[in-house]
Amino acid sequence: LSLSPSLPHSLPLNSMNRRQQAYFSENAKFADNLKDLGFSMRWETPNYVYKIVLQSNPQSVMNVAQAKHKGLKNHIGLLYETKVNENKIIIKKVCGTSHSMSKLPLIPKLSKNSPTSEDIECPPGFK
(Lines give C-alpha, C1' and ligand atoms only; values in the text may rest on other atoms or scores of the structure.)
Protein backbone atom coordinates (compact mmCIF):
# COMPACT_ATOMS: atom_id res chain seq x y z
CA LEU A 1 0.00 0.00 0.00
CA SER A 2 1.38 3.41 -0.88
CA LEU A 3 0.52 6.80 0.54
CA SER A 4 -1.33 8.29 -2.42
CA PRO A 5 -1.10 12.07 -2.79
CA SER A 6 -4.78 12.18 -3.70
CA LEU A 7 -5.93 10.68 -0.38
CA PRO A 8 -6.91 13.01 2.46
CA HIS A 9 -4.20 13.06 5.12
CA SER A 10 -6.47 11.45 7.69
CA LEU A 11 -6.88 8.20 5.71
CA PRO A 12 -3.18 7.23 5.78
CA LEU A 13 -2.88 8.33 9.43
CA ASN A 14 -5.92 6.26 10.46
CA SER A 15 -4.52 3.32 8.51
CA MET A 16 -1.14 3.77 10.25
CA ASN A 17 -2.92 3.70 13.62
CA ARG A 18 -4.85 0.51 12.80
CA ARG A 19 -1.73 -1.19 11.46
CA GLN A 20 0.29 -0.15 14.52
CA GLN A 21 -2.36 -1.78 16.69
CA ALA A 22 -2.17 -5.02 14.68
CA TYR A 23 1.65 -4.91 14.58
CA PHE A 24 1.78 -4.50 18.37
CA SER A 25 -0.58 -7.46 18.84
CA GLU A 26 1.71 -9.67 16.75
CA ASN A 27 5.12 -8.36 17.88
CA ALA A 28 4.62 -6.95 21.41
CA LYS A 29 6.07 -3.64 20.23
CA PHE A 30 5.18 -0.80 17.88
CA ALA A 31 6.75 -0.52 14.42
CA ASP A 32 9.34 2.20 13.86
CA ASN A 33 8.88 2.48 10.09
CA LEU A 34 6.12 2.41 7.50
CA LYS A 35 7.58 -0.58 5.66
CA ASP A 36 6.98 -2.81 8.72
CA LEU A 37 3.35 -1.68 8.62
CA GLY A 38 3.00 -2.80 4.99
CA PHE A 39 3.30 0.62 3.34
CA SER A 40 5.67 1.36 0.48
CA MET A 41 8.80 3.35 1.26
CA ARG A 42 7.08 6.59 0.23
CA TRP A 43 6.85 8.71 3.38
CA GLU A 44 5.76 11.89 1.61
CA THR A 45 2.95 13.19 -0.55
CA PRO A 46 2.90 16.66 -2.13
CA ASN A 47 1.12 17.98 0.99
CA TYR A 48 2.23 15.79 3.91
CA VAL A 49 5.21 14.01 5.46
CA TYR A 50 4.33 10.90 7.48
CA LYS A 51 6.47 9.88 10.43
CA ILE A 52 6.52 7.32 13.21
CA VAL A 53 7.95 8.52 16.50
CA LEU A 54 8.66 5.75 18.98
CA GLN A 55 8.67 6.83 22.59
CA SER A 56 11.19 5.92 25.25
CA ASN A 57 8.34 4.05 26.86
CA PRO A 58 7.89 1.06 24.52
CA GLN A 59 4.16 0.98 25.24
CA SER A 60 3.45 4.18 23.28
CA VAL A 61 3.98 5.61 19.79
CA MET A 62 3.05 8.75 17.88
CA ASN A 63 2.16 8.59 14.18
CA VAL A 64 2.47 11.97 12.46
CA ALA A 65 0.92 13.59 9.37
CA GLN A 66 2.96 16.81 9.14
CA ALA A 67 1.71 19.44 6.68
CA LYS A 68 4.22 20.77 4.17
CA HIS A 69 2.23 23.95 3.41
CA LYS A 70 0.53 26.66 5.45
CA GLY A 71 -3.24 26.31 5.66
CA LEU A 72 -3.14 22.52 6.04
CA LYS A 73 -3.74 20.87 9.41
CA ASN A 74 -1.12 18.78 11.18
CA HIS A 75 -2.35 15.57 12.78
CA ILE A 76 -0.90 13.05 15.20
CA GLY A 77 -2.11 9.60 16.17
CA LEU A 78 -1.36 8.61 19.76
CA LEU A 79 -1.35 4.91 20.67
CA TYR A 80 -0.79 3.38 24.09
CA GLU A 81 -0.77 -0.11 25.50
CA THR A 82 -2.69 -0.26 28.77
CA LYS A 83 -4.44 -2.79 30.99
CA VAL A 84 -8.16 -3.09 31.56
CA ASN A 85 -9.25 -5.81 33.97
CA GLU A 86 -5.83 -7.48 33.59
CA ASN A 87 -6.21 -7.56 29.79
CA LYS A 88 -3.70 -5.64 27.70
CA ILE A 89 -5.35 -3.40 25.09
CA ILE A 90 -4.30 -0.61 22.73
CA ILE A 91 -6.07 2.72 23.06
CA LYS A 92 -5.66 5.50 20.52
CA LYS A 93 -6.63 9.04 19.67
CA VAL A 94 -6.08 11.40 16.73
CA CYS A 95 -5.32 15.05 17.51
CA GLY A 96 -5.01 17.94 15.08
CA THR A 97 -3.82 21.53 14.95
CA SER A 98 -3.89 24.26 12.33
CA HIS A 99 -0.71 25.79 13.77
CA SER A 100 2.59 25.22 11.99
CA MET A 101 4.61 22.42 13.50
CA SER A 102 8.33 23.24 13.37
CA LYS A 103 9.00 20.55 15.97
CA LEU A 104 7.01 17.54 17.01
CA PRO A 105 5.08 17.66 20.27
CA LEU A 106 5.88 15.37 23.16
CA ILE A 107 3.47 12.50 23.55
CA PRO A 108 1.34 13.05 26.65
CA LYS A 109 1.84 10.60 29.48
CA LEU A 110 -1.06 8.27 30.02
CA SER A 111 -2.38 8.16 33.56
CA LYS A 112 -2.53 4.65 34.98
CA ASN A 113 -6.18 5.41 35.72
CA SER A 114 -6.97 6.18 32.06
CA PRO A 115 -7.98 2.95 30.36
CA THR A 116 -10.06 4.48 27.55
CA SER A 117 -9.30 6.54 24.45
CA GLU A 118 -11.50 9.35 25.80
CA ASP A 119 -9.03 9.82 28.65
CA ILE A 120 -6.09 10.55 26.33
CA GLU A 121 -5.24 14.24 26.35
CA CYS A 122 -3.94 15.88 23.17
CA PRO A 123 -0.65 17.80 23.49
CA PRO A 124 -0.86 21.58 24.02
CA GLY A 125 -2.11 23.33 20.88
CA PHE A 126 -3.83 20.18 19.55
CA LYS A 127 -7.51 19.20 19.73
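The table below gives the values:
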| item | result |
| --- | --- |
| The range 88-100 residues that are assigned to a strand (DSSP E or B), paired with ones that are of a type in the set (Lys, Arg) (beta carbon under 9 Å, 6 or more apart) | ILE89/LYS83; LYS92/ARG18; CYS95/LYS127; GLY96/LYS73; GLY96/LYS127; THR97/LYS73; THR97/LYS127 |
| GLY125 vs. criteria among the small types (Gly, Ala, Ser), surrounded by 12 or more Cβ atoms within 10 Å (Cβ to Cβ), in contact (Cβ under 8 Å) with a residue 24 or more places away in the chain and outside any loop (DSSP other than H, G, I, E, B) | no |
| Leading residue by the ranking (farthest from VAL94 (Cα to Cα)) among those in the range 25-62 that are open to solvent by 20 Å² or more (accessible area, probe 1.4 Å) and part of a strand (DSSP E or B) | GLU44 |
| Candidates ASN63, ASN57, ASN113, ASN47, filtered to the one that is at pLDDT 80 or above and either more than 17 Å from ASN14 (Cβ to Cβ) or in contact with a helix residue (DSSP H, G or I) (Cβ under 6 Å, 6 or more places away or on another chain) (or both) | ASN63 |
| Test result for LEU106, of a type outside the set (Asp, Glu), modelled with pLDDT of 80 or more and out of contact with any strand residue (DSSP E or B) (no Cβ under 6 Å at 6 or more places or on another chain) | yes |
| Unmet requirement for SER111, which otherwise passes all of (1) outside any strand (DSSP E or B); (2) out of contact with any Asp or Glu (no Cβ under 8 Å at 6 or more places or on another chain); (3) over 23 Å from TYR23 (Cα atoms) | (2) |
| Filter pass, ILE120 being free of Cβ contacts under 8 Å to residues at least 40 places away in the same chain and β-branched (Val, Ile, Thr) | no |
| Flag if LEU106 is touching a Phe, Trp or Tyr at 6+ places or on another chain (Cβ under 7 Å) and part of a loop (DSSP other than H, G, I, E, B) | no |
| Search result, residues across the range 73-111 that are open to solvent by less than 100 Å² (accessible area, probe 1.4 Å) and among the acidic types (Asp, Glu) | GLU81 |
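The values are calculated or read from the model by the stated rules, or taken from the named source; none is laboratory data. What you see is a predicted model; the values in this text were computed from it and never measured. Cβ: placed from backbone, ideal geometry, glycine included. Neighbour counts: every protein chain shown. In case anyone asks, the SASA skips ligands and DNA or RNA and just uses the protein heavy atoms, side chains included. Shrake-Rupley method; radii C 1.70, N 1.55, O 1.52, S 1.80 Å.
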